[in-house]
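Working notes, beginning with the structure itself.
The values are calculated or read from the model by the stated rules, or taken from the named source; none is laboratory data. These numbers come from a predicted model, not from an experiment. A quick note on method: Cβ atoms are made from the backbone with ideal geometry, for glycine too, and the neighbour counts reach across all protein chains shown. Surface areas here come from the heavy atoms of the whole protein model, side chains and all, with no ligands, DNA or RNA. Shrake-Rupley method; radii C 1.70, N 1.55, O 1.52, S 1.80 Å.
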Amino acid sequence: MSRGTVRRALVWAPVALLVAAALAGPALAPGSVAAPVDIPYGPPAPGRPLGTDYAGVDVLSRTLAGGQRLLLTAALATVLAYALGTALGLLAAHRRGGVDTAVGGVADLLLALPAFVLLAVVVVATGPGVLGVAAATVGILLPDVVRTVRAVARSALARDHVEVAVLRGESGPAVLGREVLPYLARPLAADVPIRFTAAVYTGATAAFLGFGAAPPTPDWGLMVFENRAGLGIQPAAVLAPAACLFALLLALSWAAGRVGDRGGAAPAAARRGRRPSAPPAAGTGAPDAAGAVAALRGLELRDSAGRAVVGGAHLTLWPGRVVALVGPSGCGKTSCALALLGAVRPGLVWTGGVAHLAGEPTGPAVPRRRLRRLRARSVGYVAQDPRTGLPPHRPLRRLIGDVLAARAVPRARRAAQTVAALRRAGLDGSFADRRPHTLSGGQAQRAALAVALAADPPILVLDEPTSGLDPATTAAVLDEVVRRARGGGTAVLLISHDEAAVTRYADEVVRLDRAAAAPVPPVPSATSTLRALPAPEPPAGGAPAALRVRDLTVGRPGAGTLIDGLSLTVPAGGVVTVVGPSGCGKSTLLRTVAGLVEPVDGEVLLDGEPLPFPLARRTGALRRRIQLIAQNPYASLNPHHRVGAIVARPLRQFRTVPPAALADEVDALLALVSLDPDLAHRLPAALSGGQRQRVAIARALACRPRLLLCDEVTSALDATTAAAVVDTLDEVRRTAGTALMVVTHDPAVVARLPGAPLTLPATGERRPPRD
Amino acid sequence: MGDRAPARPPRASVPGRLVAGRSGAGRLVAGRLLGALAVLLAVTLGVFVATALAAGDAASARLGPAADPATVQALRTELGLDQPPAQRYLGWLGAAARGDLGTSLISGRPVTDLIADRLGNSAILAAAAAAVLTPAALLLGTWAGLRPRRRPDRVVGAASVVLLALPEFVVGVALVSVFAVGLGWLPAVSYLPEGQGPLGQPSVLVLPVAALTLASLAPTVRLVRAGVAVAGAADAAAAARLNGVPEGRVVRCYVLPAALPAALPMLARTLTYLLGGALVVETLFGYPGLASAMVEAVNQRDVPVVQALALLAAAAAVAVNLCADLAARALDPAGSAR
């Protein structure tokens, strides 16, 4: 009914038609497929439009009948390869260790033999025939299926929602079935046509090599082989089966391409996106404000669906001034900056407005080469993420040299300028020979800055230069960059959502609003059954402490200690906030309490009961009482499950409420974390970051935990959302009596929670980056 | 502070890093070599089990069903078939390690002689195909990958869908019917006089090389294209372009170094595929190489020949994959492509 359905039907129609014809072929054959009716290589005659083959048998009949066996064998082999491969791949990903090595070994072994050589070896073992060919085809397809399943399953298993499920005490099959299997459906389904095509291909080739069915059997591959000597006399005997095979494989591989290319839902849109519907007029004169080095007037960008992403933005850059571009995430800040440089992100269309850079017009209508020269002359650009913004393999000397060369700096002066640029960005000259992949995040950010500063550009564009860096170094480097810019008359465009940086550096602030404001769901005022619940198990006499940590010592992965003799107490229904510099072991502390990390020494007591280590030794009831809320709400919810199912799962697992009351309880839990119960029907992808984090909290609360461990739960959220989430946590603490242990580096979070924070000291040396 | 000072202290630490890196690389190479040897050993076992044990009795196969049982038994003893399987495997492996690959059941000639006769021909065919394929795939893939979803990309994409659907023997038959039968420009059969290599008669190479190249071009071009499309749209290339670095340099120094390491292992698989594709092409053109010998041996169930040639093919494939893997690591020390 929809256009998509029609398109899909059109893609598959030729395949279905050809497959049906091939399957029904033997019934359609007008004559005998084995008995000679004429001289060998006889010419076409009435009733035999394609003549006869080397044995004098009717070519048309044989051709019609020659595809059925091929297709059935290929289908059988594909099904077997998928079943076996999925089982092996899941086993390898889940068990790891020896099983993983063994499965990998089998895959390596099968891959070590080129496909057709494997076929030859198997055929010697089984003798020629359909079974041997099918077995060999399974062997050829298997390694790829195993590898795909293994890779997808491993990456799924590494996601936070799997960790949450394991912490909650879900069984191995439940984790694989509920959390991992949904990830496999798509990649595997997308590959089915490709694998089936490969199976058909293998079967046809085997028949051509004489490995398949014995001669009188009609088979396209065999027919080509048998009749090739007569190609000059009776070409139809070879070309007819070859053409059938080609048509079938072509239809299959075309359909496979369409399925594999799921982004293909939008190829038409992308094609439209290539041509700006209203190309900005090039050369409409200089920017109206005299003295400006760059300007945007009424910029309008739309996505391929025609929605406005940026609607009428204005921006002017002046020499020696810092202009900050601010706004909520997704409002098009980076797109605006790129437009100023004449670049349009893939998927966006420039639908209105003009841009000028150093006195020349920019935009999609300006030839690329001219834009390139213009940028080389006038712009230094620092991309948002320094880890992806620099190629990992190229030494900084070369990276800076590229920019200097583009600006035609004489070779003799490049070495000195390289060192000068590095130094201005806060790096010493020895970094010239380093490659970006050996740098830390902060060093990479400074390296990107050095590249941008190298040619002393009159315009400097900095995209989120303070994100993810430690504040002290950033401030030092930015101070220096901005001071020089002011002194040297450089215009700076600073894109940031860091309010502190903006107030500190900006001479002028340009605010962008989201072009189309997303509707904010209303917060309902439902009551939760949780509030009416009796207080969770009263503490066993004496001090009402939910969690006690005594002399906890945790080792660092390599050697040494990360946490050294730490003691702390979280009162029942109370809150402890843990802060400290990055790498001091904050998260490790939480993960130790959760049971994911085993301590070297010390003990952890929940309600006075010592918690066993490792996690596997904790009972389900014990696991239920400690819940972890992970840092990244984008990874901690399974994207394939609806919100309602995610929140209901712990309720089912622990049978806390009768099945009939499940839906009501889910609504109440959602209301408790200030979410509209209607969201229960949505998938996580349709939620904002803050909403997702609330779902994660609701899921944890469904366990009726004694203690909630919150690991940087606001770090992926903007300031307003973060504050609201923290308030929700604190309210849950007060109403449901759940104790909180909150790890954060955000002073705003500390300020919103009662009590003084516990500061962990910095450890001697920095932990190596996790990845 | 002295301007030259900063160059010094890191010097002291850099050699340490380099040495560590080098020994790390050495360990990596050694580890990969051991792994490759282990795979080869496993292949010998797999091939032996499949061909010598599962395939039934070679003596009765050779003498036919009507043979006298006493004669069969005598031949079994002569061929060592009455020994336990493990001993037979070890004996075969030991002999193979010493360079004795056994004797053909059909011709009675040592398998090493057959290999010596034909290895050169096959190597020339494979090398010629690789020499045409690699630059063609790199050029087409880069050209299309830098223009994603635009006309060049769609033309290359559509052509590769068509080529992907063409099995070698269909390509070969089409080439023969046009260039040999139709136009008569090139020989339909690669007949070579005894003891003469294809280099003396390059015309016999043209159609086999064309068939092999056309059959493996599409997957290779797609690989390169995918890698280049990703690297070409990546932040690193975008940032370089925004800093005014010329497009040629962006492609050479930013896009290709990022795209190729990821494509290399798959490229190696395509090259090993050439080994398999040679089975078809050599058979189709009657080219006197190892692959056509393999097909004949399979159809005649000449087990020693199949064993030896399968082992040789596996060794070549493992070597190519190993080289590609190490090259990919050397080109991409950060492992960002993995």
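How big is the charge dipole of the range A:3-107 about its Cα centre, in debye rounded to the nearest 20, if each Lys and Arg gets +1 on its Cβ and each Asp and Glu gets -1 on its Cβ? Display every interim value, and only then the final one.
Details: 8 positive and 4 negative charges, 117 e Å.
Dipole magnitude for the range A:3-107 comes out near 560 debye.
Calculate for chain A the 222 nm mean residue ellipticity that helices alone would give, adding -39,500 (n - 2.57) per DSSP H run of length 4 or more and normalising by residue count, nearest 500 deg cm²/dmol. Can you show the working numbers first?
Numbers: 27 runs with 359 residues, N = 771.
So the helix-based figure for chain A works out to -15000 deg cm²/dmol.
In whole Å, what are the extents of the range B:131-194 along the principal axes defined by its C-alpha atoms, from largest to smallest?
Sorted largest first, the three principal extents are 48, 22, 20 Å.
What residues in the range A:223-252 lose 40 Å² or more of accessible surface when the other protein chains are added to their chain alone (1.4 Å probe)?
Buried by the other chains: A:Arg228, A:Leu231, A:Phe246, A:Leu250.
For the Cα atoms of chain A, what angle does the longest principal axis make with the long axis of helix A:368-378, in degrees from 0 to 90, nearest 10?
That helix lies at roughly 20 degrees to the long axis.
Put +1 on the Cβ of every Lys and Arg and -1 on every Asp and Glu Cβ in chain A; which of A:Tyr54, A:Ala153, A:Ala698 then has its Cα farthest towards the positive end of the dipole?
Most positive-ward Cα: A:Tyr54.
On each of the three principal axes of the Cα atoms of the range B:242-338, give max minus min coordinate, whole Å, ordered largest first.
65, 26, 15
Viscosity 0.692 mPa s, temperature 37 °C: give me the Stokes-Einstein translational D for the range A:609-676 in µm²/s, with Rh taken as the Kirkwood radius over C-alpha pairs.
Approximately 235 µm²/s, per Stokes-Einstein.
Alpha carbon centre of the range B:235-284 versus the range A:580-629: separation in Å?
Using only Cα atoms to place each centre, the spacing works out to 47 Å.
Can you give the angle from 0 to 90° between the axis of helix B:203-233 and the longest principal axis of chain B, with both taken from C-alpha atoms, to the nearest 10?
40
Taking the range B:87-185, which chymotrypsin sites (Phe, Trp or Tyr not before Pro) meet the DSSP loop condition and have no more than 13 other C-beta atoms within 10 Å?
In loop regions of the range B:87-185 (DSSP not H, G, I, E or B), the sparsely surrounded chymotrypsin sites (Phe, Trp or Tyr not before Pro) are B:Trp185.
Treat every Asp and Glu Cβ in the range A:178-235 as -1 and every Lys and Arg Cβ as +1, leave all other atoms uncharged, and give the resulting dipole magnitude about the Cα centre to the nearest 20 debye. Mind showing how you got there, number by number?
Values: 4 positive and 4 negative charges, 31 e Å.
Here the size comes out at about 140 debye.
Can you find, among A:Ala454, A:Val166, B:Gly31, the residue sitting farthest towards the positive end of the charge dipole of the protein assembly as shown, where Lys and Arg contribute +1 and Asp and Glu -1 at Cβ?
Checking the options against the dipole of the protein assembly as shown, the answer is A:Ala454.
Hey, any idea what % of chain A's accessible area is carbon plus sulfur with a 1.4 Å probe?
Numbers: 19000 of 32270 Å².
Carbon and sulfur together cover 59 percent of it.
Per 0.36 nm of contour for each residue apart, how much would the distance between B:Ala136 and B:Leu45 grow if the chain were fully extended, relative to their Cα-Cα spacing?
Additional length available on full extension: 29.0 nm.
What is the sum of charges, Lys and Arg at +1 and Asp and Glu at -1, for the other residues whose Cβ falls under 14 Å from the Cβ of A:Gly380?
+4
Rounded to the nearest Å, what's the spacing between the alpha carbon centres of the range B:60-127 and the range B:295-309? Just the number, please.
Between the Cα centre of the range B:60-127 and that of the range B:295-309, the gap is 9 Å.
Just how large is the dipole of the protein assembly as shown about the Cα centre, in debye to the nearest 20, putting +1 at every Lys and Arg Cβ and -1 at every Asp and Glu Cβ?
Charge dipole of the protein assembly as shown: 2980 debye, to the nearest 20.
With point charges of +1 on the Cβ of Lys and Arg and -1 on the Cβ of Asp and Glu, referenced to the Cα centre of chain B, which listed residue (B:Leu322, B:Val306, B:Gln83) lies farthest in the positive direction of the dipole?
B:Leu322
In whole Å, what is the distance between the alpha-carbon centres of the range A:419-436 and the range A:343-371?
Computed from Cα coordinates, the inter-centre distance equals 32 Å.
Which three semi-axes in whole Å describe the equivalent ellipsoid of the protein assembly as shown, each the square root of 5 times a Cα gyration tensor eigenvalue, listed largest first?
Taking √(5λ) for each Cα gyration eigenvalue gives 59, 39, 31 Å.
Normalising by the residue count of chain A, find the relative contact order in percent from Cα pairs under 8 Å and 6+ residues apart.
Relative contact order here is 10 percent.
Using only the Cα atoms of the range A:717-765, what semi-axes does the equivalent ellipsoid have when each is the square root of 5 times a gyration tensor eigenvalue? Give whole Å, largest first.
Equivalent ellipsoid semi-axes, largest first: 22, 15, 8 Å.
Relative contact order (percent) for the range B:108-254, with alpha-carbon contacts under 8 angstrom and 6 or more residues of separation?
That works out to 35 percent.
Largest first, how would A:His437, A:His161 line up by accessible area (1.4 Å probe)? Intermediate results must be reported in sequence, preceding the final value.
Numbers: A:His437 70, A:His161 0 Å².
Greatest to least solvent exposure: A:His437, A:His161.
Looking at the range A:75-194 from every direction and averaging, what is the projected area of its Cα convex hull in nm²?
Quarter of the Cα hull surface area: 7.8 nm².
Taking 20 °C and 1.002 mPa s as the conditions, I'd like the Stokes-Einstein D for the range A:21-95 in µm²/s, using the Kirkwood hydrodynamic radius from alpha carbon pairs.
146
Compare A:Cys703, B:Cys323 by solvent-accessible area with a 1.4 Å probe and give them largest first, with all protein chains kept in place.
Correct descending sequence by accessible area is B:Cys323, A:Cys703.
For a quick check: with amide H placed at 1.01 Å from N, whose amide H comes under 5 Å from A:Arg682's, ignoring anything fewer than 5 positions away on the same chain?
Those lying under 5 Å, H to H, from A:Arg682 are A:Val643, A:Gly644.
Summing -39500 (n - 2.57) over the DSSP H runs of n ≥ 4 in chain B and dividing by its residue number, what mean residue ellipticity at 222 nm do you reach, to the nearest 500 deg cm²/dmol?
Calculated at 222 nm, the ellipticity per residue is -24000 deg cm²/dmol.
Tell me the per residue accessible area of the range B:256-319 using a 1.4 Å probe; a whole number in Å² is fine.
25
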